[in-house]
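Single-structure report; data block below.
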Amino acid sequence: MTGTPKAPGEAPAAVEVAVDAAAPTSPLPRVWNRIIGAEHLSLLLWDKPGPGGSDTAAEYHEALGTVRDELGVRAVRAHGTFLPETVSVRPDGTFDFSGLDAVYDRFLATGLKPVVELSFMPEELAKDPAYTVFDYKALVSTPTSWERWGELCHALVVHLQERYGREEVAGWEFEVWNEANLEVFWNGTQDDYHLLYAHAVRAVKAADPRIRVGGPSSAAAGWVGALLEYCRAEDLPVDFVSTHTYGNAPLDFRPLTRAYAEATGRPEPEILWTEWGVTPTHFNPVSDAVFSAPFVLRGMKSALASTDALAYWVASDQFEELGWPPKLFHGGFGLLTVGNLRKPRFWALWLLNRLAGGRAPVAVRGDGADATVEALATRAEDGSTVDVLVWNGTLDQSKVAGAAALGRSATVRVTGLVPGARYAVSAYRVDEEHGNIQAVWDGLGGGDWPDAPEWAKLREADKAARRTARARPRGRDGHGA
C-alpha cells in the first residue's frame with residue numbers, strides 16, 4: 001500500500017523492508033477477526049425497499065457471510081437486542097422473544113456468533129420513554145425498576161439456552177449497554193450505569209456462571225477504570241473490558257485489568273475494543289478513500305500486544321441508525337458498499353487475514369521507517385511460504401486526498417529462504433489505482449446509483465489486484481530479493 005507519489009522528476013524516498021525467514025517465529029494475534037461491528041441485526045428481516053432499490057435483508061446477510069469467509073470474522077456485535085421488533089412484554093409480565101428468535105435463527109445460520117449487546121430499554125421497562133436515539137428511536141432511559149431490568153437479562157439468557165443450547169450460549173459474550181458515558185445513549189448517571197451493570201451481570205451469571213459479561217462499552221475509552229473499581233468494591237465479575245475509539249490507535253488498558261485481577265483474585269479481564277474505525281462521523285468521505293486502508297493496518301498492528309479484539313465498525317453500508325445511504329459512495333461506515341462492493345479498508349483487512357503461520361522478524365529502514373511505512377511478516381511452519389505486508393500512510397486526515405511528501409519507494413528483501421528452492425511470488429496492491437472501487441465508479445461518471453450495466457462493470461472490477469512471478473533465492477544461504 002503506497003501513499004501519493006512525489007512530484008514528477010522527484011524520486012520518492014527509499015525504504016527497505018528486511019525479513020528474516022530463518023529466524024524463530026512468534027504467534028500472530030488475530031485481533032482483527034474475532035469481532036466485527038454491524039447495524040442492528042433485525043435488518044436481516046427488513047422487508048422494505050433498501051437504498052438504491054437494494055434488498056437490505058439479503059445484502060446484509062450476504063455481507064455477514066463475506067466478512068466471515070474472506071476476513072475470517074468469528075463474531076458480530078450489533079446494537080439493539082431489545083428493540084420493539086425483537087422483544088416485548090406480554091400482559092402477564094413475561095417477555096416475548098419471538099422477534100429476536102427470527103433474527104438470531106437467520107444470523108446464526110451465517111456461521112457467526114453474536115456479541116449480545118444488552119440494549120436498549122424496552123418501552124414497558126423505561127422510566128422515561130421520551131429519551132430516544134437513532135432514526136429507529138431506540139430507548140435510552142434508565143429502567144423503572146433495576147430488579148425488572150435484571151429479570152429481562154436473566155429471561156433472555158434462559159430463553160437463548162432453551163432455543164440454541166446451553167453449551168452454545170456459554171460461548172457467547174454479553175456486553176452491557178452502549179456508550180452510556182454519552183448523554184445521547186443514556187439519560188442516567190455513571191452510578192446508574194454501575195447499577196445497570198450489576199443487575200445485568202448477576203442475572204446472566206445466575207443462568208450460567210460460565211457466560212462472559214463485560215462493559216462499560218464506552219465511547220472514547222471512558223469509564224473503564226471506574227467500572228473496574230466499582231466491580232472490585234462490589235465483588236462483581238468483569239470478564240472483559242469493552243470500549244470504543246475512532247481516528248486513532250487504541251490505548252493499552254492492561255495496567256487497569258491487571259490491577260483488578262490482583263485486587264479481586266479473579267481472572268484478568270480481556271480487552272475488547274468493540275467499536276473502532278477511521279472516523280466516528282457518518283457520511284465522511286474518508287471512509288471510502290484509500291487513505292483509510294493503511295490507517296486500518298496501522299491500528300491493527302498497534303493493538304497486537306495489548307488487545308484481544310479490535311472490532312471494525314461496521315461490515316456493511318446497509319445502515320439505518322444515522323440515516324440511510326443517499327448514494328453508492330456517501331462516506332458510510334461499512335467495509336462493503338450497498339451492493340457489497342469491497343472498499344479499500346476491506347482489502348486492507350483481507351490482506352492482513354492472508355498472513356499465515358507465525359510472525360517473522362521484520363525490520364524497516366529508511367525515511368519514514370516505522371512511522372509512515374510499517375510492515376508485518378509471517379512464515380509457514382515448514383518454511384514453504386513467507387507473507388510480507390507493507391503499508392505507507394498517516395493518521396493525519398488532512399492528507400486524506402494524498403500528499404506528495406508521503407511517497408516512498410519500498411524494497412522488500414527476504415533472507416533465510418530454502419536454498420535452491422523455487423518460489424512463486426504473488427504481489428497484491430491497494431492504492432489509488434488498485435483495490436479502489438470508488439475510482440472505478442468515478443471513471444464511469446459517478447453519480448448517485450449505478451444502472452445495471454454499471455453494476456456489472458463495478459462487480460467485474462471488484463477483485464484483488466494481483467501480479468505473479470517466479471523466483472529462486474540467490475546465494476548459498478538462501479538470501480534473495
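Worth a mention:
- Total lysine pairs whose alpha carbons fall under 23 Å of each other in the chain (8 or more apart, or interchain): 13
- Degrees between helix 224-234 axis and first principal axis of the chain (Cα, 0 to 90, nearest 10): 40 degrees
- Student exercise, region 18-110 dipole from Lys, Arg, Asp, Glu Cβ charges, in Debye to nearest 20: 360 debye
- Between the amide H of LYS113 and those of ALA75, VAL76, distances stay under 5 Å, these residues lying 5 or more places away or on another chain, with hydrogens modeled in the peptide plane.
- Between the helical axis of 254-264 and the longest alpha-carbon principal axis of the chain there is an angle of about 40 degrees.
- Here percent of Cα pairs over 42 Å apart was calculated from the structure, and among (i) 21; (ii) 50; (iii) 25 it sits at label (i).
- Cα-projected label distance for ASP105 with VAL418, points at 7 Å along beta-carbon direction, nm: 5.1 nm
- Residues ARG90 and LYS137, FRET efficiency given R0 of 25 Å [Cβ-Cβ distance, rounded to 0.05]: 0.70
- Fewest-first sequence of ARG342, ARG148, ARG470 by Cβ atoms within 10 Å of each Cβ: ARG470, ARG148, ARG342
- Pair ARG354, ALA305: separation of 7 Å Cα→Cβ label points (nm): 2.8 nm
- Magnitude of the charge dipole, the chain, Cβ model with Lys/Arg +1 and Asp/Glu -1, debye to 20: 2340 debye
- Sorted peptide list for 458-465, 375-382, 430-437, criterion being average Cβ within 10 angstrom, highest first: 430-437, 375-382, 458-465
- Scalar couplings 3J(HN,Hα) for region 426-440, obtained by applying the Karplus form with A = 6.51, B = -1.76, C = 1.60 to θ = phi - 60°, are 10, 10, 10, 10, 10, 7, 4, 9, 10, x, 10, 5, 5, 5, 5 Hz; x denotes Gly and Pro.
- Stretchable slack from TYR246 to ASP451, in nm (0.36 nm times residue separation minus alpha-carbon distance): 70.4 nm
- Percent RCO, i.e. relative contact order, over region 35-354, from Cα pairs under 8 Å lying at least 6 residues apart: 18 percent
Where a number appears in this text, it was derived from the coordinates with a stated rule and is not lab data. Not measured: the values here are computed from a predicted model. We place every Cβ from the backbone using ideal geometry, glycine too, and count neighbours over all the protein chains shown.
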